Each structure stands twice: as structure tokens, then as C-alpha cells.
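Let me begin by presenting the structure, written as C-alpha cells, before commenting on it.
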Amino acid sequence: MAINEVFPNPTVKKVIFQIRYPNLFYIEDKIGDLQTKFMKDFPESSLMYQQKFRLTDKGFDLEKSSDEKPEEVLKKIWSFESPQKTKLNILSDSIDISSEFHKTYNNPTSANKFRDVIVFVLKHFFEAAQIPIVKRIGLRYIDECPIPKKDTKVFKEYYKTTFPLGRFKLEDATDMNFFTVVKRGKYSLRFNEKLVRLGNKYKLILDFDGFGVNIQSRNCLKVTDDLHVLILKEYEKSLKEPVYKHMRTKARKKK
């Protein structure tokens, strides 16, 4: 079935949009102007530092050459946050937007669409940074799905799973994990389905990460729309009717 509604109790836990581009040495000079433009929607701001590491045969080590100063191995992250806790991070080589608030990408019946946030951010960013080519565009959805009973038969009534349940029963499992990266036309999809225990309940995590590479910046939104459609189709392939019924039922408020 094609999803064309906004659910009161969706399984999506987090949605993330990211673009990566060549390292922009001038980005710090643009942050003040960008902050002014973003301030209305993202009033909270902060500056963070990310330590750079490299993987060696002895494990992780600081990514630092002998002539680098200590502050040069720290990566600056300019972070902005909305009242709904939607977060925007700007780095010298990437932008990412993450949200646990939005329930729809672009459903016309909703006043809060994740796509609108992407449009707003990209418009102002590309006005400030003239980038002809984006190295990578990614759209990721992480869904936390209900398992009413840790029972193979019940689980199959809810999900069209990738798990080999004919061989390994859900009742016997403490952990299950399926991961793949596949081509879907001109794009790629990383898919991870895993059984996890959260508190005293088991949940099914569906993690969809669609991406395209070497995209002209003027086509960023078109590619993002394509990635959303790709992920939506894969999401629909995982669900059966009881999950839709669950999403149409308002979640009970925690006391």
C-alpha cells in the first residue's frame, strides 16, 4: 500500500539529511551571516569541537601530523537548534539536519514538513557558499517498530522481514541483525534491520540510508525527493497491516 497519510503514532524515530562538499576554508567567515538568517527558525546556537581520529593497526589514534598544533586536530561544528529540537550542524565539509519532531517529509496536509526545513537551509547556505558540485547527498530514516510479542508467528504477521526465521526462531534470539548496501538505479541504499532490547521490551529497528554522489548543487532537492521515494518504497516492503493500525492509534502519554 502507498502511504499517503500523516500518522499520529509513526514508527519513525529520527530523520537525518546531510550533504558533503569539498572542504571550505572560508566557511567560518560566513557563519555570522548564516546565523542571522537561521536565527528565526533555529534560535539556539553553539560552537562545538570534534576530535579527528584515524584507524591504525593498534586501534584509533589522533589524526595529527608532527607539525600540527593541538587546535588544528579539532574540527569545528557550528550547531543550531529549533524549539522543536530539530538540529542543524554546519562543518567546513558538510551540513546535516536531524529531527525527532517531524512526522512527514512532504505531506500537504501537514504544517510541519521536513522537506521545508531542507529547502530553507539549502537556500541560505548556497547563497553564502557557491558550491557547484555536492560530493554526497544522504537521507536517512531510523524507525523504531513495535514487537507486541517475542514470537515468530506474531512477528511474521507484522513484518515482511529479512531475518531467516525458518532457521532461527525469534523466541530463541537475543539479537538479530541484517545489513546490506545495494544499488537502486543511480542511487545507493544502506539498509539495516535489527532486533534490539530497549528497557524490558524488544523492538525492531529499520534503518534506511539512501544516498547519491557527485550531484550538481542545483539538483540537491530533486535528489533528496528521489531518495525519499526510494526509502518509502523499501519501508512499505517491510510492513504489514497491523503496523499501520498501530501507527493510526495515538500513543498513550507516559505518566
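The values are calculated or read from the model by the stated rules, or taken from the named source; none is laboratory data. If you're wondering where the values come from, they're calculated on a predicted model, not measured in any experiment. Cβ: placed from backbone, ideal geometry, glycine included. Neighbour counts: every protein chain shown.
Which condition from (1) crowded, with 19+ Cβ neighbours inside 10 Å; (2) within 24 Å of Asn106 (Cβ to Cβ); (3) of a type outside the set (Gly, Ala, Ser); (4) more than 18 Å from the chain's Cα centre (by Cα) is the one that Cys220 breaks?
(4)
I need the full set of residues from segment 46-93 which are on the phi > 0 side of the Ramachandran plot and at pLDDT 65 or above, in order please. It would help to see each step written out before you state the result.
Of all residues in segment 46-93, those on the phi > 0 side of the Ramachandran plot come to 59, 85.
Residue satisfying the conditions is Lys85 alone.
Mind checking which pairs have a first residue in segment 128-143 that is touching a residue at least 12 places away in the same chain (Cβ under 8 Å) and closer than 23 Å to Lys237 by Cα and a second that is of a type in the set (Val, Ile, Thr) and buried (at least 19 other Cβ atoms within 10 Å of the Cβ), Cβ under 6 Å, 6 or more apart or different chains?
From residues that are touching a residue at least 12 places away in the same chain (Cβ under 8 Å) and closer than 23 Å to Lys237 by Cα, the pairs are Leu139/Thr224; Tyr141/Val12; Tyr141/Val15; Tyr141/Ile231; Asp143/Thr11; Asp143/Val12.
Would you mind finding the one in Val182, Val213 that is surrounded by fewer than 17 Cβ atoms within 10 Å (Cβ to Cβ), over 30 Å from Phe120 (Cβ atoms) and touching a strand residue (DSSP E or B) at 6+ places or on another chain (Cβ under 6 Å)? Please lay out each step first, then the result.
On the way: Val213 fails: over 30 Å from Phe120 (Cβ atoms).
On inspection, the qualifying residue turns out to be Val182.
Could you look through segment 165-177, keep only residues that are hydrophobic (A, V, I, L, M, F, W, C) and part of a loop (DSSP other than H, G, I, E, B), and pick out the one that is surrounded by the most Cβ atoms within 10 Å (Cβ to Cβ)?
Start the filter on segment 165-177 by keeping residues that are hydrophobic (A, V, I, L, M, F, W, C), which leaves 165, 168, 170, 173, 176.
Next, from what is left, pick out any that are part of a loop (DSSP other than H, G, I, E, B): 165, 168, 173.
Details: Leu165: 17, Phe168: 12, Ala173: 14.
The selected residue is Leu165.
Can you confirm whether Leu122 is over 22 Å from Lys13 (Cβ atoms), surrounded by 18 or more Cβ atoms within 10 Å (Cβ to Cβ), out of contact with any helix residue (DSSP H, G or I) (no Cβ under 7 Å at 6 or more places or on another chain) and at pLDDT 95 or above?
Details: over 22 Å from Lys13 (Cβ atoms): yes; surrounded by 18 or more Cβ atoms within 10 Å (Cβ to Cβ): yes; out of contact with any helix residue (DSSP H, G or I) (no Cβ under 7 Å at 6 or more places or on another chain): no; at pLDDT 95 or above: yes.
Here the answer is no, as Leu122 does not meet what is asked.
Results for (1) at pLDDT 95 or above; (2) surrounded by 16 or more Cβ atoms within 10 Å (Cβ to Cβ); (3) not in a helix (DSSP H, G or I), shown as yes or no for each residue.
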site: Arg136; (1), (2), (3): yes, no, yes
site: Tyr141; (1), (2), (3): yes, yes, yes
site: Phe155; (1), (2), (3): yes, yes, no
site: Phe163; (1), (2), (3): yes, yes, yes
site: Arg190; (1), (2), (3): yes, no, yes
site: Leu204; (1), (2), (3): yes, yes, yes
site: Lys233; (1), (2), (3): yes, no, no
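Across segment 156-185, what is the number of residues that are closer than 23 Å to Glu241 by Cβ and touching a residue at least 24 places away in the same chain (Cβ under 8 Å)?
8
When segment 94-103 is examined, which residues are found to be modelled with pLDDT of 95 or more and either farther than 27 Å from Lys30 by Cβ or out of contact with any helix residue (DSSP H, G or I) (no Cβ under 7 Å at 6 or more places or on another chain) (or both)?
Ser94, Asp96, Ser98, Glu100, Phe101
Do we have Lys201 as basic (Lys, Arg) and more than 19 Å from the chain's Cα centre (by Cα) here? Break it down into steps so the answer makes sense when it comes.
On the way: basic (Lys, Arg): yes; more than 19 Å from the chain's Cα centre (by Cα): yes.
Yes.
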